[in-house]
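Here the structure comes first, spelled out in structure tokens, and everything after it is commentary.
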Amino acid sequence: MRVKHWAMALAILLIAAVASYILLKGDEELAPEAAVTEIAPPPPSPVISPAAVALPEHPAVLYPIDPSPSETPLPELGESDALFRNALAEVLGSKGLSLLLSEQLIHHLVVTIDNLPRKHLAANAVPLKHAEGSFVTEKLEDAVTIGAQNAKRYAAYAALARTVNSEKLVGIYRRFYPLFQRAYHEIGYPDGHFNDRLIVAIDDLLASPDPEPPIRLSHPKIFFEYADPDLESRSAGQKIMMRIGRDNAAEAKTRLREIRQLLVR
């Protein structure tokens, strides 16, 4: 778990990504490991690999999704930022939109969602601004724990997530889905289906544990890690969920279940 700026805020992030991003938005204090500088996807992690078997050349679509018809033809992926941001502005508002970075937004959302169920998250792929302030820790006897006040850093994200209309957010995702799919192909999955990967990411986040606070940390080198080996072994997304506080994580999971239902119905 590194102290780099890889984490995010979840619950808006999963528009296919925007919907889970905002509540999960993290900080620079707990990160999976040393900085990841490549945007290319890392090797598959055992956390999300269903089995060590050869995948079919053309995998079946588990969760098909039909793009919504659009009066305006979609631009090329590399020219989509302005149109996509304008669409998001109608749902997130100017305050929510200000949390997003501006360039290659769909590409970075796809990379981040693909990485969430893995052990490591590419630091330079997250298209969100990190939470303000510094990571809060506390002393408990001879141990260091995540501070009780740390969750307050994400309160604004949680409040924003509660106001977002999930149906409209998923509607934007459907409209722009051909570009999400194209970005997924470009990062190394020419036969993959991005919506299937999105559901995997959502399910992994929903399966994150809810440890009883205070959560103990260790500091073996430069960066903090979870002292409990089971927590430390979790995916990048689940580590973020544990870090943002139980109330914020519960809010995120409620929204993610809602979005998942809309995506697979």
Considering only residues that are under 17 Å from the mean Cα position of the chain (by Cα) and under 30 Å from P73 (Cβ atoms), which ones fall in the range 142-176? V164, S166, L169, V170, Y173
Identify, by number, the condition in (1) in contact with a helix residue (DSSP H, G or I) (Cβ under 9 Å, 6 or more places away or on another chain); (2) modelled with pLDDT of 80 or more; (3) part of a helix (DSSP H, G or I) that L74 doesn't meet. (3)
So the check is Cβ under 7 Å with 6+ separation or different chains; which pairs have a first residue in the range 74-94 that's aromatic (F, W, Y) and a second one that's assigned to a loop (DSSP other than H, G, I, E, B)? F84/F176
Can you tell me which of (1) surrounded by 20 or more Cβ atoms within 10 Å (Cβ to Cβ); (2) of a type in the set (D, E, K, R); (3) in a helix (DSSP H, G or I) is the one R118 doesn't meet? (3)
K139 passes all but one of (1) of a type in the set (K, R); (2) outside any strand (DSSP E or B); (3) over 19 Å from the mean Cα position of the chain (by Cα); which number fails? (2)
State whether the residues of the range 165-173 include one that is at pLDDT 95 or above, part of a helix (DSSP H, G or I) and surrounded by fewer than 23 Cβ atoms within 10 Å (Cβ to Cβ). no
Please indicate, with yes or no, whether at least one residue in the range 193-213 is surrounded by 18 or more Cβ atoms within 10 Å (Cβ to Cβ), touching a strand residue (DSSP E or B) at 6+ places or on another chain (Cβ under 7 Å) and in a loop (DSSP other than H, G, I, E, B). no
For the subset of the range 224-241 comprising residues that are of a type in the set (D, E) and assigned to a helix (DSSP H, G or I), which member is surrounded by the most Cβ atoms within 10 Å (Cβ to Cβ)? E232
For the range 245-265, pairs from a residue that is within 16 Å of I113 (Cβ to Cβ) and of a type in the set (K, R) to a residue that is assigned to a helix (DSSP H, G or I) and modelled with pLDDT of 90 or more, with Cβ under 7 Å and 6 or more apart or across chains, are R260/I199; R260/I202
Given the condition without any contact (Cβ under 8 Å) to a residue 12 or more places away in the chain and within 24 Å of V264 (Cα to Cα), answer yes or no: does some residue in the range 155-163 qualify? yes
In the range 42-61, is there at least one residue being modelled with pLDDT of 75 or more, out of contact with any Gly (no Cβ under 6 Å at 6 or more places or on another chain), within 24 Å of S166 (Cα to Cα) and in a loop (DSSP other than H, G, I, E, B)? yes
Quick one: R182 ticks every box in (1) crowded, with 17+ Cβ neighbours inside 10 Å; (2) out of contact with any Leu (no Cβ under 7 Å at 6 or more places or on another chain); (3) at pLDDT 90 or above except a single one, so which number is it? (2)
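The values are calculated or read from the model by the stated rules, or taken from the named source; none is laboratory data. Fair warning: this is a prediction, and the values are worked out from it, not measured in the lab. Here the Cβ is made from the backbone with ideal geometry for all residues, glycine too, and neighbour counts use every protein chain on show.
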